[in-house]
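Written below as structure tokens is the structure these notes are about.
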Amino acid sequence: MAFVERVFSGVQPTGNLHLGNYLGAIVNFVKLQETHNCIYCVVDMHAITMPTDVWGGPAELARNTREVTAAFIAAGIDPKKHIVFNQSQVSGHAELAWIFNCVARMGWLNRMTQFKEKAGKDRENASVGIFDYPVLMAADILLYRATHVPVGDDQKQHLELSRDIAQKFNNDFGDSIRNNGFNDGLYFPLPEPLITGPATRVMSLRDGTKKMSKSDASDNSRINLTDDADTIAQKIRKAKTDPEPLPTEEKGLEPRPEADNLVGIYAALAGVSKQAVLKDFGGGQFSSFKNALVDVCVAKLSPIAAEMKKLVADPGHVDAILVDGANRARAIADETMRRTKDIVGFIRQA
């Protein structure tokens, strides 16, 4: 059958959104809304799979949910043309996840590498949610029968699981799906990864071999989306470099992770290639390049930080955006669940 093309993506509200989140995901979210029907979800149910000291408790979760929403809007996502909401307001996510729990197989989940990374050595004390959250992720996507999902390298395995679950559901309930009017026996699509161009992988300002992360003990390792111009300038000028001048060719960046990272950040923010950056700054010292990088970062990020600050100061407005988005998302989700329950054989109120 022909599925309506729809993009779904979610961001966890874990606080301290940084440049890596912006360049790695949010920039693409903004671009996608020009060409696709988009649903952007703040996945607060995923956030609580980790211990409380990680996600901060109830007050922190609410604050972070509003901050992620503010970042979406400040970066240019239009919540009137597209859907922006928080996951927990739509009960279909949890309902469909349970049905998918009964379709997915333990062997599939045992192969998920992120569980091994997040649970660490003490797996016996990890929450069931950490083990099972890829199934909830599949439910997030398929509740809206989304056809495309923008993914990074670390999420490809989870998207494959979503496809496996969709395919097994279609196979297990094929006759019932056909009896409910889907003559080809397909109810859920097999969502495709959406490749929007080379992913911008932003590394720590203190160590070019590690990803920029909110969990890094040093705030100087990252540029937060809420940082003001002076803080951005200070962090960039303190960013780790090496004593050599910038190379004139992109190949010269390969053995120099810190140089590669800073050039990559400039290129991504300016919308040019790394080679174009090196054409302008190759052969020069880092000091002058860092001054130019400060200018680009401040020009691009300061308006976002200012708008985020304005939005976060008005939580009623942000909550209204989330409620409106949840109402529109629920209309799609309720239709999916109505048909899913009929296919499975659940008796429901007419």
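With respect to the cross-link table entries K80/K310; K279/K300; K214/K251, which display a Cα-Cα separation exceeding 24 Å?
Details: K80/K310 19 Å; K279/K300 22 Å; K214/K251 30 Å.
Table pairs above 24 Å Cα-Cα are K214/K251.
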To make sure I understand the rule: partners must be aspartates and glutamates, Cα under 20 Å from the Cα of K274, and not fewer than 8 residues away in the same chain. Which ones qualify? D207, D242, E244, E249, E250, E254, E258, D260, D295
Kirkwood-based Rg over Rh for segment 219-310 (C-alpha set), two decimals? 0.98
HN-Hα J in Hz across segment 8-21 - Karplus 6.51, -1.76, 1.60, θ = phi - 60°, x for Gly and Pro: 10, 8, x, 10, 6, x, 9, x, 6, 4, 10, 4, x, 5
Rounded to the nearest 500 deg cm²/dmol, what is the calculated helix-only ellipticity per residue at 222 nm for the chain, with -39500 (n - 2.57) per DSSP H run of length n ≥ 4? -16000 deg cm²/dmol
What residues qualify as long-range amide H neighbours of L194, i.e. H under 5 Å apart, gap of 5 or more or another chain, H built at 1.01 Å from N? V149, V151
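Plugging the Kirkwood radius over Cα pairs into Stokes-Einstein for segment 66-207, at a temperature of 10 °C and a viscosity of 1.306 mPa s, what D comes out in µm²/s? Don't skip to the answer; put the middle values down first.
Working: Rh = 17.3 Å.
This corresponds to a translational diffusion coefficient of 92 µm²/s.
What longest region of the chain stays clear of GluC sites (Glu not before Pro) that DSSP places outside H, G, I, E and B and that have at most 12 other Cβ atoms within 10 Å?
35-248
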Plugging the Kirkwood radius over Cα pairs into Stokes-Einstein for segment 119-169, at a temperature of 10 °C and a viscosity of 1.306 mPa s, what D comes out in µm²/s? 132 µm²/s
Apply the Karplus curve 6.51 cos²θ - 1.76 cosθ + 1.60, θ = phi - 60°, to the phi angles in segment 282-298 and return the couplings in whole Hz, x for Gly and Pro. x, x, x, 7, 5, 4, 6, 5, 5, 4, 5, 5, 4, 4, 5, 4, 5
Calculated from backbone phi, Karplus (6.51, -1.76, 1.60) coupling profile of segment 69-77 in Hz, x at Gly/Pro: 4, 4, 5, 4, 5, 5, 6, x, 6
0 to 90° range, to nearest 10: angle between helix 257-270 axis and the chain longest Cα axis: 70 degrees
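On a 20 Å Cα-Cα criterion, which of the cross-link pairs K211/K235; K31/K211; K31/K309; K116/K156 come out too long? Spell out each step's value before the answer.
Working: K211/K235 16 Å; K31/K211 23 Å; K31/K309 23 Å; K116/K156 16 Å.
Pairs exceeding 20 Å: K31/K211; K31/K309.
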Just flag the trypsin sites (Lys or Arg not before Pro) in segment 118-191 sitting in loop per DSSP whose Cβ has no more than 14 other Cβ atoms within 10 Å. K121
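Given Cα positions, please report Rg to Rh for the chain, the hydrodynamic radius being the Kirkwood one. Intermediate results must be reported in sequence, preceding the final value.
Details: Rg = 21.9 Å, Rh = 21.7 Å.
Over the Cα atoms of the chain, Rg/Rh equals 1.01.
Throughout, read-outs are computed from the coordinates displayed, never taken from laboratory work. Model, not experiment: these values are computed from the prediction. No Cβ is skipped: glycine too gets one built from the backbone with ideal geometry, and neighbour counts run over all protein chains shown.
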